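The values are calculated or read from the model by the stated rules, or taken from the named source; none is laboratory data. Computed from a predicted model, the values in this text were never measured in an experiment. As a convention, Cβ positions derive from the backbone with ideal geometry for all residues, glycine included, and neighbour counts pool all protein chains shown. Surface areas here come from the heavy atoms of the whole protein model, side chains and all, with no ligands, DNA or RNA. Shrake-Rupley method; radii C 1.70, N 1.55, O 1.52, S 1.80 Å.
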Amino acid sequence: MASFVIEGGHRLSGEIHPQGAKNEVLQIICATLLTAEEVTVNNIPDILDVNNLIQLLREMGVTVAKKGIDSYSFKAENVDLAYLESDEFLKKCSSLRGSVMLIGPMVARFGKALISKPGGDKIGRRRLDTHFVGIQNLGADFRYDEERGIYEITADRLQGSYMLLDEASVTGTANIVMAAVLAKGTTTIYNAACEPYVQQLCRLLNRMGAKISGIASNLLTIEGVEELHGTQHTVLPDMIEVGSFIGMAAMTKSEITIKNVSYENLGIIPESFRRLGIKLEQRGDDIYVPAQETYQIESFIDGSIMTIADATWPGLTPDLLSVMLVVATQAKGSVLIHQKMFESRLFFVDKLIDMGAQIILCDPHRAVVIGHNHGFKLRGARLTSPDIRAGIALLIAAMSAEGTSTISNIEQIDRGYQNIEGRLNAIGARITRI
């Protein structure tokens, strides 16, 4: 297993470019299965989860060609349906969370899908009910094979339906939308997720010939069509990386410019960092973060302690709460971090406490952070990355700490961040991969 050795206390300086959005590209790649024609996707990040999904499509019989440094074409003309029933395919699905989004396209186009329980981050329960119930509403039959531990989904022809989702799941909405575009009749999805990732997927599908209206709202209407055709698509910059770089600049008292961030798709993220006292400026489509010796957490108007909580879009994405928690450890003031969606995502705070942070873990969902105001630095430590987002948060902590830190299990970080040590070292970090 690989590790990072981080020499803390170095300031960053210069420009950094965010990669393509991981959460978007996993949906987009799955959507290429909906047509036999070629779909070209640009700005694909070179990260483990994405590369594993691309390789899985190759093994399914999809013709994949690398067109440029971050561009691939996908042509799902001759999908090997027999391979999709093999133990090898199902084993690979179980290690890749994004594989769950193969269900919608496969059932819609081929009438059948098999999938094992997908893996991914160890951050608590991540229910698949929304996916399954939504596709069942379109007329699919679900059967669980207990002996093999797999789900078998079949349908002669999906039928449009009205549905009210029990939760605004991003991947659940994506899966149902991909199934509905080839269903007969009209599908209405209420309480749909409306994150930029889902908006991008819907726009791609419309360019392929789908008829989706209500994009960017929580009420989607989809008129089914007979078939889709090829197109091109460019993935948005990763908003989680943008937020991570903002937090990194504040923690290390650095002046950096984050380039080409697609500011209009960042939602409440910039304002959430401003609530922690971090100064940042929009300059065209870039974000400039000046060097700050100190930053002070705001209070609410009535003087009560600031609460930062995740919420469905356009609320704050849960993927950034780990970063914001770390950033708060060096702020002036206190903040309550409320992670509503996943009950294991705050369990990395014990590692921050070992580094000298003042954090009270109230329960699996809430932590109170008492900021040091840079009065003293975190201490270097031996750390382990439990999931992608905690991994980048621990990396930020180590970069600001006094002394040397080692982070093991960095494969979790590699799942979501492209050549992170190379890009950060280029602007002044001291990170060695061993």
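Below is a table of values for the structure above.
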| read-out | value |
| --- | --- |
| Value of Rg to Rh for region 198-264 (Rh from inverse mean 1/r over Cα pairs, i.e. Kirkwood) | 1.19 |
| In degrees, nearest ten, helix 388-400 long axis to first principal axis of the chain (Cα) | 20 |
| Peptide ranges 38-48, 320-330 listed from the most packed, as the mean C-beta count within 10 angstrom indicates | 320-330, 38-48 |
| Cα centroid of region 226-278 to Cα centroid of region 346-425, whole Å | 20 |
| Net dipole in debye of region 287-412 [+1 Lys, Arg Cβ; -1 Asp, Glu Cβ; about Cα centre; nearest 20] | 200 |
| DSSP loop chymotrypsin sites (Phe, Trp or Tyr not before Pro) with at most 14 other Cβ within 10 Å: longest gap in the chain | 1-299 |
| Within straight-line cross-link reach of Lys75, aspartates and glutamates at Cα separation under 16 Å, skipping those fewer than 8 residues along the same chain | Glu37, Glu38, Glu59, Glu227 |
| Beta bridge orientation in the chain: antiparallel %, DSSP, nearest 5 | 70 |
| Net charge of Cβ neighbours under 15 Å - reference Gln296; Lys, Arg +1; Asp, Glu -1 | +3 |
| Given Lys253/Lys351; Lys279/Lys332; Lys22/Lys340, the pairs whose alpha carbons are separated by over 19 Å | Lys253/Lys351; Lys22/Lys340 |
| Folded to 0 to 90 degrees: helix 48-59 orientation relative to the chain principal axis, Cα | 20 |
| Between helix 22-31 and the chain: long-axis angle, C-alpha atoms, 0 to 90°, nearest 10 | 10 |
| Residues of type lysines that Lys211 reaches as a straight line, Cα spacing below 17 Å, ignoring anything fewer than 8 places off in the same chain | Lys184 |
| Neighbour cut-off at most 15 other Cβ (10 Å), DSSP loop, GluC sites (Glu not before Pro), region 276-323 | Glu293, Glu298 |
| Charge context of Val50, other residues only, Cβ under 10 angstrom, K/R +1, D/E -1 | 0 |
| Mean ellipticity per residue at 222 nm, deg cm²/dmol - from DSSP H runs of n ≥ 4 across the chain, formula -39500 (n - 2.57) | -8500 deg cm²/dmol |
| Two-site label geometry, Glu146 and Gln358: point separation in nm, points 7 Å out along Cα→Cβ | 5.4 |
| Apportionment of accessible area to carbon and sulfur, region 20-232, percent (1.4 Å) | 44 |
| Spin-label model distance (nm) - Val64 vs Asp350, 7 Å beyond Cα toward Cβ | 3.7 |
| Accessible surface, 1.4 Å probe, highest first, among residues Val368, Val62 | Val368, Val62 |
| Spin-label model distance (nm) - Thr154 vs Thr294, 7 Å beyond Cα toward Cβ | 6.9 |
| Under the Karplus curve 6.51 cos²θ - 1.76 cosθ + 1.60, θ = phi - 60°, whole-Hz ³J(HN,Hα) for region 250-267, x wherever Gly or Pro sits | 5, 5, 9, 6, 10, 10, 9, 10, 9, 8, 6, 8, 6, 4, 5, 9, 8, x |
| Counting DSSP beta bridges with both ends in region 20-232, the antiparallel % (nearest 5) | 80 |
| Length-normalised contact order for the chain - Cα pairs under 8 Å, 6+ apart - percent | 21 |
| Exposure of Thr432 as accessible area (Å², to 10), given a probe of 1.4 Å and all protein chains | 80 |
| Accessible area in the full protein assembly, largest first, 1.4 Å probe, for His17, His372, His229 | His17, His229, His372 |
